[in-house]
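The values are calculated or read from the model by the stated rules, or taken from the named source; none is laboratory data. This structure is a prediction, so every number in the text was calculated from the model and none was measured. Because the Cβ atoms are built from the backbone with ideal geometry, glycine has one as well, and the counts that use them run over all protein chains shown. Just the protein is used for accessible areas: all its heavy atoms, side chains included, with ligands, DNA and RNA removed. Shrake-Rupley method; radii C 1.70, N 1.55, O 1.52, S 1.80 Å.
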Amino acid sequence: MSVSDRIRVRDVRLLSDNWYVLKATTFDWRRADGSWQTQSRETYDRGNGAALLPYNLAARTVVLTRQFRYPAYVNGYDDLLIEAPAGLLDNASPEERIRAEVEEETGYRLGEIRKIFECFMSPGSVTEKLHFFVGEYDAAMRVGDGGGLETEGEEIAVLELPFDQAMTMIGTGEIADAKTIMLLQYAALNIFRS
């Protein structure tokens, strides 16, 4: 039995279409014992996205960004967030969009990039699926300053960090962004193995 055989949507209400789309849905769910249970959920649809970890294997460095994130701030994080370059797909392919985001945010125009996995980041309430990539960089690939787009409210600092320092920053809480932690852990297991 597929999931579509186990769900009957009763009602979908639009709660907000201001920044992204917030809906409230009432549905019946067929439990494992065959009984039906009525449930209600809110879903936030912001579209799908992509993230990439630029790395330099020879120098053992990575490029990350630092910027203000209001949702993290209101949840008690009183610092700028350190993150891997990322962005929403905006009707482009994941590879096309992440290449543009990396250049906008970091100033690097990467050559070969590789998709490593995709996953849902907060499936209990957010519909977003994130596509994860890695790509090697060197100084010759720097074509601009980065910093993001001021017209989109971005003010992004570019950080080039030793890989070992970035890994240590996870433990100290200086890196608290899930997608960045996932990419750094992937790199520890598959790229920067000692």
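Taking Cβ atoms as reference points and 14 Å as the exclusive limit, the residues near residue 61 contribute a net charge of -2, counting Lys and Arg as +1 and Asp and Glu as -1.
When the chain is treated as a GNM with alpha-carbon contacts under 10 Å, the residue of 35, 125, 93 showing the greatest mean-square fluctuation is 35. Over the chain, DSSP H runs of length four or greater, each weighted -39,500 (n - 2.57), average out per residue to a 222 nm ellipticity of -6500 deg cm²/dmol. With a 1.4 Å probe rolled over the protein heavy atoms of all chains, the accessible area of 22, 64, 57 falls in the order 57, 22, 64, largest first. Placing +1 on each Lys and Arg Cβ and -1 on each Asp and Glu Cβ, with no other charges, gives region 1-94 a dipole about its Cα centre of roughly 220 debye.
Taking a probe of 1.4 Å, how large is the accessible area per residue of region 71-160, in Å²?
56 Å²
Each label point was placed 7 Å from the Cα along the Cα-to-Cβ direction; for residue 78 and residue 115 their separation is 4.2 nm. Going toward the positive end of the dipole of region 43-194, with +1 on Lys and Arg Cβ and -1 on Asp and Glu Cβ, which of 62, 82, 148 do you reach last? Toward the positive end, the furthest listed residue is 62.
Checking the a/c ratio against 1.5 first, then a/b against b/c, what shape does the Cα gyration tensor give for region 135-194? Let's see the in-between values first.
Details: a/c = 2.34, a/b = 1.42, b/c = 1.65.
Since a/c reaches 1.5 but b/c is at least a/b, the shape of region 135-194 is classed as oblate.
Students often get this wrong, so try it: which of [x] 13.4; [y] 10.3; [z] 13.9 is mean projected area of the Cα convex hull in nm² as calculated from the structure shown? Recomputing mean projected area of the Cα convex hull in nm² here gives the entry labelled [z]. A probe of 1.4 angstrom, applied to the heavy atoms of all protein chains, finds residue 179 with accessible area near 30 square angstrom.
Look at where the Cα atoms of region 146-171 and of region 1-73 average out, and the two centres are 25 Å apart. State the percentage of accessible surface on the chain attributable to carbon and sulfur atoms; use a 1.4 Å probe and exclude ligands, DNA and RNA. For the chain, the apolar C and S fraction of the accessible surface comes to 48 percent. Along the charge dipole of the chain, which of 25, 94, 171 sits closest to the positive end, that is, farthest toward it, with unit charges on the beta carbon of Lys, Arg, Asp and Glu (+1, +1, -1, -1)? In the chain, that residue is 25. Local charge for residue 146 was computed over the other residues whose Cβ lies under 9 Å away, with Lys and Arg +1 and Asp and Glu -1, and equals -3. Using a ≥ b ≥ c from the Cα gyration tensor of region 83-194 (square roots of the eigenvalues), is it rounded, prolate or oblate, where a/c under 1.5 gives rounded and otherwise the larger of a/b and b/c decides, a/b for prolate? Taking the square roots of the gyration eigenvalues as a ≥ b ≥ c, region 83-194 is rounded. The Cα atoms of region 1-98 cover 58, 33, 28 Å along the three principal axes, with the biggest extent listed first.
Short-range pairs are left out: with C-alpha atoms under 8 Å and at least six residues apart, the relative contact order of the chain is 21 percent. The charge dipole of region 75-194, taken about the Cα centre with unit charges on the Cβ atoms of Lys, Arg (+1) and Asp, Glu (-1), comes to about 660 debye, rounded to the nearest 20.
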